[in-house]
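**Q** Attaching a single structure in structure tokens format; questions to follow.
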Amino acid sequence: MAEQLSPEQKFELITRNLQEVLGEEKLKQVLQERELKVYWGTATTGKPHVAYFVPMSKIADFLKAGCEVTILFADLHAYLDNMKAPWELLELRTQYYEQVIKAMLESIGVPLDKLKFVKGTDYQLSREYTLDVYRLSSMVTEHDAKKAGAEVVKQVEHPLLSGLLYPGLQALDEEYLKVDAQFGGVDQRKIFTLAEKYLPSLGYTKRVHMMNPMVPGLTGGKMSSSEEESKIDLLDRKEEVKKKLKKAFCEPGNVENNGVLSFVKHVLFPLNSEFVIKRDPKWGGDQVYKVFEDVEKDFAEEKVHPGDLKASVEAALNNLLDPIRKKFESPELRKLTSTAYPAPSKHKAAKGGKVGGGGGDDDQVIPSRLDIRVGKVISVEKHPDADSLYLEKIDVGEAEPRTVVSGLVAYISQEDLQDRLVVLLCNLKPQKMRGIESQAMLLCASVEGDPRRVEPLDPPEGSSPGERVYVEGYDSGKPDDELKPKKKVFEKIQEDLKISGTCVAQWQEKDLMTKLGQITCRTLKGGNIS
């Protein structure tokens with residue numbers, strides 16, 4: 001396609017939807033002579049969220065226009081910015097960013113072989129680059145460095161020297177990546193102008209700078225990795241996407257600071273060239289829009305209801321997220337995610353004591369401490385020394401199946417249990433029952449006062465042995481290695497484990513989930529879980 005475009009058409013494609021371009025004439029001049037070389041950098045700090053689709057869609061535009069595009073994983077910058085990425089996690093965060101950014105690009109149809117991927121520390125620790133950092137630091141004033149990073153570097157009462165180095169390093173990247181232009185958000189503008197001011201002083205060429213507008217978050221402000229309510233994570237489940245969009249700021253007729261509408265403009269339209277508002281036939285049926293301005297106009301005139309806009313964005317967004325979610329179902333990437341972004345310590349420090357030491361009396365009793373997993377029953381047989389007990393061999397995704405000794409299943413036919421997917425609590429202390437050690441607890445729905453009414457909990461269809469089961473809103477914590485019997489953590493949590501009126505397993509009215517959906521039982525509405 002790029003060969004068929006004139007320099008003027010390439011310019012239009014490269015600059016569409018941008019808020020500002022510094023150096024338009026130079027950009028036009030380069031396009032008259034050859035293809036543009038451009039880079040986009042991202043500091044490997046918090047988890048990327050759906051607003052990252054905005055630069056991804058522009059990268060798609062650059063490639064359509066024939067640009068040579070470099071993506072920089074700015075790992076050193078992530079550390080310099082108030083250590084948003086701790087040194088020991090730097091490599092893991094960079095690996096995560098590379099995997100998730102590539103998955104995003106693939107989900108919007110961008111060919112990865114057309115891109116160049118570079119890690120900052122591959123060249124930023126070289127002798128030449130380090131010397132240029134010193135040369136630049138001898139020219140840039142503290143005032144200019146602080147001003148340049150004001151909207152990008154985390155602002156604190158007592159700033160670190162590292163944060164002052166950050167803008168200068170980003171300026172030098174333009175020279176060391178050998179590009180004509182740098183692309184970023186408009187929040188980077190002061191860093192871009194610092195680069196234009198100081199690079200020529202080092203004998204380097206002034207580059208073109210292209211800026212995207214900042215897309216409002218779901219709460220109306222900037223979408224940020226550090227503000228959970230403002231953003232949708234790339235690995236959020238469909239239920240979480242629906243929940244967050246439902247809460248999103250989208251006032252009828254208000255097109256200002258509307259994150260939902262902005263996502264349509266900056267992501268969905270550039271990728272699809274159209275947008276469909278899905279609605280009930282009694283309200284006019286589906287409406288296909290070919291230009292964003294028509295969507296904006298109809299929303300401003302309240303011809304498009306916020307609920308219909310949100311539902312339509314939800315459907316389109318899930319289409320983009322589905323291949324990313326699927327890719328990150330692999331054990332390797334799930335492990336990478338959990339190690340690159342470990343859950344905060346679940347233990348609060350006792351007064352005058354250590355954080356997360358041995359677990360004091362003030363340990364939080366929260367469901368993420370439970371290691372609940374999907375299991376598959378391999379075999380069922382009677383306990384050799386107790387008629388009321390049964391032995392089950394259950395696959396929980398480990399090298400060997402676990403042995404579970406249970407009395408509840410005496411009221412369930414062995415045929416019904418064989419090869420069935422079940423739910424197990426796997427971090428109770430192993431306990432001998434009539435001479436045989438039980439290595440997990442089978443979780444069942446039951447009816448108080450009627451021991452014969454028992455049903456194993458059912459994971460969603462398509463679940464696999466070993467998949468984690470969690471309570472909605474408590475999916476990021478790390479389970480205890482082993483629950484201490486004296487602490488009675490499970491017993492305390494169990495008091496609030498119930499079956500809802502729609503047969504969904506819940507804790508304090510929050511659903512028990514896997515990545516595929518809710519944990520349920522077949523018939524015991526309002527029952528207990530034991």
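The values are calculated or read from the model by the stated rules, or taken from the named source; none is laboratory data. Because the structure is predicted, anything quoted here is derived from the model rather than measured. Cβ atoms come from the backbone with ideal geometry, glycine included; neighbour counts cover every protein chain shown. Calculation scope for accessible area: heavy atoms of the full protein, side chains included, ligands and nucleic acids excluded. Shrake-Rupley method; radii C 1.70, N 1.55, O 1.52, S 1.80 Å.
**Q** So which residues in the stretch 395-441 are closer than 12 Å to His383 by Cβ and without any contact (Cβ under 8 Å) to a residue 24 or more places away in the chain, if there are any at all?
**A** Once the filter is applied, which keeps residues that are closer than 12 Å to His383 by Cβ and without any contact (Cβ under 8 Å) to a residue 24 or more places away in the chain, the stretch 395-441 yields Gly407, Ala410, Lys432.
**Q** If Ser476 passes every condition in (1) surrounded by 19 or more Cβ atoms within 10 Å (Cβ to Cβ); (2) assigned to a loop (DSSP other than H, G, I, E, B); (3) polar (S, T, N, Q) but one, which one does it miss?
**A** So Ser476 meets the others, but not (1).
**Q** Can I ask one more? Taking interchain pairs and intrachain pairs at least six residues apart, which have beta carbon atoms under 8 angstrom, with the first residue in the stretch 491-515 and over 19 Å from Asp475 (Cβ atoms) and the second β-branched (Val, Ile, Thr) and buried (at least 19 other Cβ atoms within 10 Å of the Cβ)?
**A** Qualifying pairs under 8 Å: Gln494/Ile529; Lys498/Ile529; Ile499/Ile529; Cys503/Thr520.
**Q** Surrounded by fewer than 19 Cβ atoms within 10 Å (Cβ to Cβ), within 19 Å of the chain's Cα centre (by Cα) and free of Cβ contacts under 8 Å to residues at least 60 places away in the same chain: is that true of Pro281 in this structure?
**A** Answer is no for this residue.
**Q** Please tell me if Arg16 is touching an Asp or Glu at 6+ places or on another chain (Cβ under 7 Å) and surrounded by fewer than 19 Cβ atoms within 10 Å (Cβ to Cβ).
**A** Answer is yes for this residue.
Quick grid of which residues meet (1) crowded, with 18+ Cβ neighbours inside 10 Å; (2) touching a Gly at 6+ places or on another chain (Cβ under 7 Å); (3) of a type in the set (Lys, Arg); (4) modelled with pLDDT of 90 or more:
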residue: Val288; (1), (2), (3), (4): no, no, no, yes
residue: Val291; (1), (2), (3), (4): no, no, no, yes
residue: Val295; (1), (2), (3), (4): yes, no, no, yes
residue: Gly359; (1), (2), (3), (4): no, no, no, no
residue: Leu370; (1), (2), (3), (4): yes, no, no, yes
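**Q** Do the conditions hold for Lys498, that is, is it more than 20 Å from Cys426 (Cβ to Cβ), in a strand (DSSP E or B) and of a type outside the set (Gly, Ala, Ser)?
**A** So Lys498 passes the test.
**Q** Something else about it: For the stretch 187-208, how many residues are open to solvent by less than 30 Å² (accessible area, probe 1.4 Å) and not in a strand (DSSP E or B)?
**A** Step one: of the stretch 187-208, the residues open to solvent by less than 30 Å² (accessible area, probe 1.4 Å) are 187, 191-192, 194-195, 198-199, 202, 207-208.
When the remaining residues are screened for being not in a strand (DSSP E or B), the result is 187, 191-192, 194-195, 198-199, 202, 207.
The qualifying residues number 9.
**Q** Looking at Leu131, Leu125, Leu169, which is the one that is open to solvent by 40 Å² or more (accessible area, probe 1.4 Å), closer than 18 Å to Ala43 by Cα and either without any contact (Cβ under 8 Å) to a residue 60 or more places away in the chain or assigned to a helix (DSSP H, G or I) (or both)?
**A** Unique residue meeting the criteria: Leu125.
**Q** Hey, does the stretch 268-284 have a residue that's in a helix (DSSP H, G or I), at pLDDT 90 or above and of a type in the set (D, E, K, R)?
**A** no
**Q** May I pose another question? Condition test on Pro252, is it in contact (Cβ under 8 Å) with a residue 40 or more places away in the chain, more than 20 Å from Pro213 (Cα to Cα), open to solvent by less than 60 Å² (accessible area, probe 1.4 Å) and not hydrophobic (A, V, I, L, M, F, W, C)?
**A** Judged against the criteria, Pro252 is not a match.
**Q** Restricting attention to the stretch 113-120, does a residue exist that is in a helix (DSSP H, G or I), touching a residue at least 40 places away in the same chain (Cβ under 8 Å) and either touching a Phe, Trp or Tyr at 6+ places or on another chain (Cβ under 7 Å) or farther than 30 Å from Leu268 by Cβ (or both)?
**A** yes
**Q** Out of everything in the stretch 76-122 that is more than 30 Å from Asp322 (Cβ to Cβ) and of a type in the set (Ser, Thr, Tyr), what residue ends up being most open to solvent (accessible area, probe 1.4 Å)?
**A** Tyr79
**Q** Among the numbered criteria (1) surrounded by 21 or more Cβ atoms within 10 Å (Cβ to Cβ); (2) of a type in the set (A, V, I, L, M, F, W, C); (3) touching a helix residue (DSSP H, G or I) at 6+ places or on another chain (Cβ under 7 Å), which one does Leu63 miss?
**A** Leu63 satisfies all of (1) surrounded by 21 or more Cβ atoms within 10 Å (Cβ to Cβ); (2) of a type in the set (A, V, I, L, M, F, W, C); (3) touching a helix residue (DSSP H, G or I) at 6+ places or on another chain (Cβ under 7 Å) except (1).
**Q** Of everything in the stretch 429-449, what is in a strand (DSSP E or B) and farther than 25 Å from Arg522 by Cβ? Give them in sequence order.
**A** Answer for the stretch 429-449, where residues must be in a strand (DSSP E or B) and farther than 25 Å from Arg522 by Cβ: Gln431, Lys432, Met433, Ile436, Glu437.
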